[in-house]
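Asks: So that we are looking at the same thing, I have put the structure below in structure tokens.
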Amino acid sequence: MAHEMILVETRGRVGLITLNRPKALNALCDQLMEELGQALRAFDADPAIGCIVLTGSEKAFAAGADIKEMKDRTYPAVYFDDFIGKRWETVLTVQKPVIAAVAGFALGGGCELAMMCDMIIAAENAKFGQPEINLGIMPGAGGTQRLTRAVGKSKAMDMILTGRMMDAAEAERSNLACRVVPVADLVTEAVKMGEKIASLSGPSVAMAKEAVNAAYEMTLKEGVRFERRLFLSLFSTEDQKEGMAAFAEKRPAQFRHR
Ligand code: CO8
């Protein structure tokens with residue numbers, strides 16, 4: 001389908017989604033989130049795609065939920081519309097890995113969207129923040145939970161209660177971002193990482209992602225049990241036979257991906 005607020009393209013087996021609402025610094029309005037959800041679902045269902053990269057512009061990944069769209073909404077309207085659950089959490093349902101490639105501002109809902117992805121690659125100019133407190137509200141799309149799990153209580157309190165921004169170096173140091181790269185290389189590096197992931201066995205990648213994410217939901221004992229089940233189930237795939245045979249025969253593996 002045609003999109004107005006995002007750009008969708010493929011780079012080999014990587015699906016690239018670019019938030020494209022430059023005049024509003026990619027503020028995440030309902031239409032943009034609908035389009036993003038559709039694009040994510042389409043890539044997740046496409047066997048030709050093995051990994052998804054989500055990015056914005058050099059100036060902004062996303063400066064938050066759209067404040068102008070939200071400002072006059074009433075409590076019953078937001079409660080019954082469930083706008084967070086319906087439009088914001090699609091990325092959490094995607095089985096393939098989603099890499100957030102963040103340059104510029106990732107604020108409020110923008111930071112929360114990046115944290116819903118499986119990992120964050122930050123450009124050197126990235127600025128992360130949860131400035132909702134300045135608007136008389138607080139994070140509402142997982143910021144208090146995911147930021148705290150990523151950077152710890154003290155720094156999360158600092159960011160969320162004062163609204164201050166964190167630069168890329170601090171984000172990497174604090175485990176919010178996995179890598180920092182020059183701004184000009186951001187998309188290339190993220191796609192390169194995505195290509196590596198997409199070249200591997202789809203079931204092993206999807207299950208490894210599921211198991212890492214389970215670490216946020218389960219006790220250690222439950223998580224290890226969950227991991228064991230998934231690990232053993234991979235012995236039912238052709239890709240496991242191929243991967244191990246290729247190692248023994250000293251040749252590159254030819255994964256079927258599915
Ligand atoms: N919403 C709507 N419009 C925005 C937003 C936003 N979040 N951010 C920027 N814009 C618009 C500006 O209004 C401006 O538009 P116009 O030219 O028509 O006046 C344009 O983008 C450019 O912005 P600035 O002129 O302000 O650019 P600067 O470079 O001077 O400043 C900043 C950049 C610092 C990023 C600044 O724009 C800013 O502070 N933006 C708001 C950041 C913010 O508070 N984000 C949190 C929003 S609340 C939120 O995300 C809650 C999520 C809850 C869960 C999700 C549920 C839906």
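The values are calculated or read from the model by the stated rules, or taken from the named source; none is laboratory data. Note that the structure is a prediction, hence the values are computed from the model and not measured. All Cβ positions, glycine included, derive from the backbone under ideal geometry; neighbour counts span all protein chains shown. Heavy atoms of the whole protein, side chains included, go into the accessibility calculation; ligands, DNA and RNA do not. Shrake-Rupley method; radii C 1.70, N 1.55, O 1.52, S 1.80 Å.
Asks: Quickly rank 52-60, 77-85 as a protection proxy: mean count of other C-beta atoms within 10 Å, highest first.
Replies: Top of the packing list down: 52-60, 77-85.
Asks: Ok, one more. Can you tell me the orientation of helix 30-45 relative to the chain, as the angle in degrees between its alpha-carbon axis and the longest Cα principal axis, to the nearest 10?
Replies: Between the helix axis and the principal axis of the chain, the angle is about 0 degrees.
Asks: Same structure again: Applying the Karplus parametrisation 6.51 cos²θ - 1.76 cosθ + 1.60 with θ = phi - 60° to the phi angles of the stretch 63-70, what ³J(HN,Hα) value in whole Hz is obtained for each residue in order, glycine and proline being reported as x?
Replies: Going residue by residue, I get 8, x, 4, 6, 5, 5, 6, 7 Hz, with x marking Gly and Pro.
Asks: Using a simple spin-label model with points 7 Å from Cα along the Cα→Cβ vector, what separation in nm is obtained for THR148 and LYS241?
Replies: The answer from the label model is 4.8 nm.
Asks: Could you give the distance between the Cα centres of the stretch 134-177 and the stretch 187-258, to the whole Å?
Replies: 30 Å
Asks: Something else now. Sequence-distant or interchain residues sharing an amide H contact under 5 Å with ASN125, placed H: which?
Replies: Under 5 Å from the amide H of ASN125: GLY104, VAL183.
Asks: Name the residues whose placed amide hydrogens come within less than 5 Å of the amide hydrogen of ARG179, ignoring near sequence neighbours (fewer than 5 apart) on the same chain.
Replies: For ARG179, whose amide H was placed from the backbone, the distant partners under 5 Å are ALA122.
Asks: Moving on to the next point. With a 1.4 Å probe and all protein chains left in place, how much of the accessible area of the chain comes from carbon and sulfur atoms, in whole percent?
Replies: Percent of accessible area from carbon and sulfur atoms in the chain: 58.
Asks: Calculate, for ASP185 and THR10, the FRET efficiency according to 1/(1 + (r/R0)^6) with r their C-beta to C-beta distance and R0 30 Å; round to the nearest 0.05.
Replies: 0.90
Asks: Karplus couplings for the stretch 231-248 from phi (6.51 cos²θ - 1.76 cosθ + 1.60, θ = phi - 60°), rounded to Hz, Gly and Pro as x?
Replies: With coefficients 6.51, -1.76 and 1.60, one gets 4, 5, 5, 5, 6, 8, 9, 5, 5, 5, 5, 5, x, 6, 4, 4, 4, 5 Hz.
Asks: Say R0 is 35 Å: what FRET efficiency, to the nearest 0.05, do LEU220 and ARG41 get from their beta-carbon distance?
Replies: Calculated transfer efficiency: 0.60.
Asks: Among 161-172, 26-37, how do they line up by average Cβ neighbours within 10 Å per residue, starting with the highest?
Replies: Sorting 161-172, 26-37 by mean packing, highest first, produces 26-37, 161-172.
Asks: Same structure, new question: Given a Förster radius of 41 Å and the C-beta distance between ASN134 and LEU232 as r, what FRET efficiency does 1/(1 + (r/R0)^6) yield to the nearest 0.05?
Replies: With R0 = 41 Å, the Cβ-Cβ based efficiency is 0.25.
Asks: Run through the DSSP bridge list for the chain and note the antiparallel percent, rounded to the nearest 5.
Replies: Approximately 30 percent, going by the DSSP bridge assignments.
Asks: Leaving out ligands and nucleic acids, note down the accessible area per residue over the chain with a 1.4 angstrom probe, in whole Å².
Replies: With the other protein chains kept in place, the chain gives 53 Å² per residue.
Asks: Please give every one of the lysines within straight-line cross-link reach of LYS23, meaning a C-alpha to C-alpha distance under 23 Å, and leave out same-chain neighbours fewer than 8 residues apart.
Replies: Candidates past the 8-residue exclusion: LYS59, LYS68, LYS71, LYS127.
Asks: What is the stretch 6-198 by shape, rounded, prolate or oblate, if you read a ≥ b ≥ c off the alpha carbon gyration tensor as root eigenvalues and call it rounded for a/c under 1.5, prolate for a/b larger than b/c, and oblate otherwise?
Replies: The shape class here is oblate.
Asks: Can you give the angle from 0 to 90° between the axis of helix 202-214 and the longest principal axis of the chain, with both taken from C-alpha atoms, to the nearest 10?
Replies: Helix 202-214 sits roughly 50 degrees off the main axis of the chain.
Asks: Let me ask something else about it. For the stretch 96-232, what is the relative contact order in percent, using Cα pairs closer than 8 Å and at least 6 residues apart in sequence?
Replies: 25 percent
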